[in-house]
1. Considering only residues that are in a helix (DSSP H, G or I) and open to solvent by less than 30 Å² (accessible area, probe 1.4 Å), which ones fall in the stretch 344-361?
2. Identify the residue in the stretch 378-390 that is crowded, with 16+ Cβ neighbours inside 10 Å and at pLDDT 85 or above and, among all such residues, is farthest from the chain's Cα centre (by Cα).
3. Identify all residues within the stretch 348-373 that are without any contact (Cβ under 8 Å) to a residue 24 or more places away in the chain and either closer than 30 Å to Glu314 by Cα or not aliphatic (A, V, I, L, M) (or both); write none if there are none.
4. Answer yes if at least one residue in the stretch 61-81 is under 29 Å from Ser168 (Cβ atoms), assigned to a helix (DSSP H, G or I), modelled with pLDDT under 80 and open to solvent by 30 Å² or more (accessible area, probe 1.4 Å), and no otherwise.
5. For the stretch 251-303, enumerate the residues that are open to solvent by less than 20 Å² (accessible area, probe 1.4 Å) and of a type outside the set (Ser, Thr, Tyr).
6. Would you tally the residues in the stretch 439-463 being in contact (Cβ under 8 Å) with a residue 40 or more places away in the chain and open to solvent by 60 Å² or more (accessible area, probe 1.4 Å)?
7. Within the stretch 91-114, count every residue that is at pLDDT below 80 and either touching a Cys at 6+ places or on another chain (Cβ under 8 Å) or of a type in the set (Val, Ile, Thr) (or both).
8. If only one of Thr165, Thr117 is crowded, with 17+ Cβ neighbours inside 10 Å and at pLDDT 65 or above, which one is it?
Amino acid sequence: MEEDPPFRFSLEAFVLGMTTALHVLTIAASVRLYAGGARRDWFCVALAVLALGGIVDSSIMAAANETAGVWSGIDVIQCAIELVCQNLLTGMNLARLRKYLSDNPAGQYAASVAPLTLAAIVSCVCGSAVSIWYIILFWGNAAPDVAGPDLFFSIYAIVDSLVNTAISVAFIRLLPRVAFSVLQRAPSMKGKPAPGGLKRKERQEVQRSIRRVRVQLAAECILVVAVNLSRVAAPDYDPQFSLVYFSEADFYVFSVEAYFTGVNSAIHASTVLLSADLLLETKSRYYAVILAIAVLRLFDIAFNVVVQTSMVDEVIIATGITQFAVEWACQVGYAALNITRLRRMYLRSAVPRHVQVLTALVGLLIVVSTVDNGWYIWCGTQLFAYLSGPDALFAAMSIYDAVLNTLISLAFVRHLHQLAHGTSSSRDQGLRRGMSALLRRVNVLLGTECVLMITANFWKVLQPKADPMWSLVLFAEAMRLRLFCSYV
């Protein structure tokens, strides 16, 4: 009897992992904005609640499909959460537009959003109706016929996406006038009104921010409309509403490997966007390297799915060899970037001995990575028939990498502490406070990164059968790269 392959790709589990990761990132961003004082208003709180509701909604959806036909109560709970999330999202989108128009001199444009307000109300009513329809059908019935509400939901999803797109378009059109009218009246950095309006540099900063918002909103609208239209045009390709949200189905398949593939893809995609944004802002080559590594990691994930699911030997060999070449580039690139981040804090002629030792250890890591991935590539030419050797070397190298990463992080934090304690004059008190805040942030980020790397790698070594596809290790590496953008 043949054993099942260790990797089972499931679209539903993949999207569940991706959406969960994106919701967690949204919660982290909203909490950071609120705690940092940048946005201490209801919008951040509502955004965090909405993202948390999305996590609970998708998790309950997975559980509902696992218990399909057994208990209808979980479906009722899921539909109730969906009802709240749908109305909250549409309400937040409209409230964002109305707030920008009511809190500034361009408030006379608020009358133009009256049709959008009516459309948003109609959309919320329709969404509530379909959710209540689902609740009525599932109340006391574990396996009802949901063809009617499914069809109504498809129509509602398109209408809702078009309404939200119209709201976003109105926001994009009015944002330049709102932003410039506010900033024209704002005091300058010295506390006096800016004579003659904004300076050229300030105007360029505003225009850059407006372009960024336009791109983000345009991407959001295109994604939502395209997904909903594709679901209606070709329902057989997405029978479980996986790309819209996870809907009830008796043939739902959950795969841990596919779930973590979705999580890691979302984290790397977030790293790509963040590093690209920081690259455009700072023009730093470090963010260019991070961007390149994140993009390569996305290709690495795609290649891994092809290798694990393909039945054609030629495809497995070609894709597998390419995958390990990409893996080598990512490992070497991050190792070099990590030690370079530490070395650039010192003058070239004053690099301390412990940093030189760490540099040599990173060089050894690069050599081992080259040998290991070369070994994997050779195995690829043999249809990956002799993986025990390179797997063992990779496990040892991963632990070595995790420990070395921790040592580099400790050296980085130690040097920051020395810089903080070296500013003792009264003139440097502001710098000391800034360094203290930076130290707290770096300590948390580096601590999280090191704990993730060490835990994931030791767990893989101690329980190899519990994680046959190295999912936790890949997750730790994705988080490490994402956190690197926060303090490089």
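The values are calculated or read from the model by the stated rules, or taken from the named source; none is laboratory data. Bear in mind that the values here come from a model prediction, so they are computed numbers and not experimental data. Every residue, glycine among them, receives a Cβ derived from its backbone with ideal geometry; neighbour counts consider all protein chains shown. When the accessible area is computed, the model is the full protein with side chains, heavy atoms only, and any ligands, DNA or RNA have been set aside. Shrake-Rupley method; radii C 1.70, N 1.55, O 1.52, S 1.80 Å.
1. Selection gives Val355, Leu358.
2. Cys379
3. Within the stretch 348-373, Arg348, Ser349, Pro352, Arg353, Gln356, Thr359, Gly363, Val367, Val371 qualify.
4. No.
5. Across the stretch 251-303, the qualifying residues are Ala258, Gly262, Val263, Asn264, Ala266, Ile267, His268, Ile290, Ile293, Ala294, Asp300.
6. So the count comes out to 3.
7. Within the stretch 91-114, residues that are at pLDDT below 80 and either touching a Cys at 6+ places or on another chain (Cβ under 8 Å) or of a type in the set (Val, Ile, Thr) (or both) number 1.
8. Thr165
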